[in-house]
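**Student:** The structure under discussion is supplied below as structure tokens; questions concerning it will follow.
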Amino acid sequence: MNAPAVVIIGPPGAGKSTVGRLVAQQMGADFTDTDELVETEQGQAISDIFVEHGEAHFRELEADAVARAVTGSGVVAVGGGAPMTPATATLLESLPVVFLDVTIADAAGRVGFSTARPLLAVNPRAAWTRMMAQRRPTYERLATWVVDTDGRSAQEVAAEVVALVAGSGHE
């Protein structure tokens, strides 16, 4: 199995997709966003999958998408909740992983806490804070590197990620 150049994890609003695309461009690598992969394959938005089939079904689809995506050699951005699935966490443990850390203030400005994010639909700020408290230990445990995104442009964050990966010999 090939290993990806880097896997990007973090909460909603951390910039995983935006930064991942920039990192892939700078590294001359392919980019896979597992949320986009699920939506394309299912022909439905994630919020619709949640409503029609439930979170458990979405998490199964997500785990499968991550398992397939990390067999490549490019840059992979995984959904915020993906690392919470034990099988996915186990897959990520041996891979180069960047945790994009963000505070609620910056996350709120980026995602606007819209209803397109099903787990944040009711009282989004409280839900995000609770979600981050639950997920942070897993994100930190899986991370090869932690990159703070607060107050930084996607370009600045991507440049740091590329430098970390290049300096590690993982590219």
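Read-outs throughout are calculated quantities, based only on the coordinates presented, and are distinct from any laboratory measurement. Just so you know, these numbers come straight off a predicted model, no measurement behind them. With ideal geometry, Cβ positions are generated from the backbone for all residues, glycine too; neighbour counts draw on all protein chains shown.
**Student:** Looking at V51 and the list (1) within 20 Å of M131 (Cα to Cα); (2) buried (at least 19 other Cβ atoms within 10 Å of the Cβ), which single condition is not satisfied?
**Tutor:** Single failed check for V51: (2).
**Student:** Could you list, in sequence order, the residues of the range 48-90 that are in a helix (DSSP H, G or I) and within 14 Å of the chain's Cα centre (by Cα)?
**Tutor:** Correct list: R59, E62, A63, A65, V66, A67, A69, A82, P83, M84, T88, A89.
**Student:** Assess whether T40 counts as being surrounded by fewer than 17 Cβ atoms within 10 Å (Cβ to Cβ), hydroxyl-bearing (S, T, Y), at negative phi and in a helix (DSSP H, G or I).
**Tutor:** Yes, satisfied.
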